[in-house]
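A short worksheet on the structure shown next.
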Amino acid sequence: MSELIPTKENPHPLLKIEGEERRNFVFKSLLITVVTTVVLYYFPSYYGLEALTTETSYFMLDLFNFHPRFFIYEDNINNLGTFELFLYNLYDPSRGTYPAISIDANLTRRSNYLIVRACTGMQAGALLVGLIWSTPAKTHDRIRASYVVLIALFIGNTARIAAMIAMTTIFIVDFHLGYEKAWHLSHDVMGRPLGFFGTIGFTMLIEKRNVKVLDTIQVWIDFMTGTKPKPAKKTDEEIVSLE
């Protein structure tokens, strides 16, 4: 595996592997990525991260005079699905409890926003960390890429949440839209593209730390489509020796 670590002289060695070596890498890296993603996303208790995300989003909203309120929402665990109930009983007694933000939508109504596991950004975070540790790279580069992308993800995600809540409030108060329509415009129409381009930006942060996750993805695609690696260009020294 060490021969697949990028260097200045050979920045993309992963793209040159073929045959059995490429097949073994695809299976191994896919397994590491999937297992890491599932373990990181589903098994830890994210209540602390949910609360921190909520409090940071609250701070951003308050900074721009949206006058939010922070509260704890108590859910009925009977409404949980079978898998969620299993995890609740296994490790997370706070699973029926969610941090939340409340904002005045008009004189008689408030809009409440629950921050759940899916709102923490750890779906993308777990996948990106899985890619980092399935890609050949030096250990210190992997560690650095992991904490840099997680910090950037937290900052970007909390800003995204605050922006979506702010836009929803503006649509309700200033444009007199119903909550469902306002949330659809903020979350689906505007929020999801932000998340998509954010993920691209986080990937670039990883690449800058010399962890070539895009090479890993390219090898997966080439393997699944049956594309063969391009032959490496011969150096001047090799050309001279051939002559």
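All of the numbers you see were taken from the coordinates with simple rules; none came from a lab. Note that the structure is predicted; figures quoted are calculated from it, not measured. We place every Cβ from the backbone using ideal geometry, glycine too, and count neighbours over all the protein chains shown.
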_Whether region 178-231 is rounded, prolate or oblate, judged on the alpha carbon gyration tensor where a/c under 1.5 counts as rounded_ = oblate
_Charge tally in the Cβ shell below 11 Å around Val211, where Lys, Arg are +1 and Asp, Glu are -1, Val211 excluded_ = +3
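Using the Cα gyration tensor of region 1-80, with a ≥ b ≥ c the square roots of its eigenvalues, what is the shape: rounded (a/c below 1.5), prolate (a/b larger than b/c) or oblate (neither)?
Oblate.
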_Could you give each residue of region 63-70 its phi-based ³J(HN,Hα) in whole Hz, using Karplus coefficients 6.51, -1.76, 1.60 with θ = phi - 60°, and x for Gly or Pro?_
4, 9, 6, 8, 6, x, 10, 9
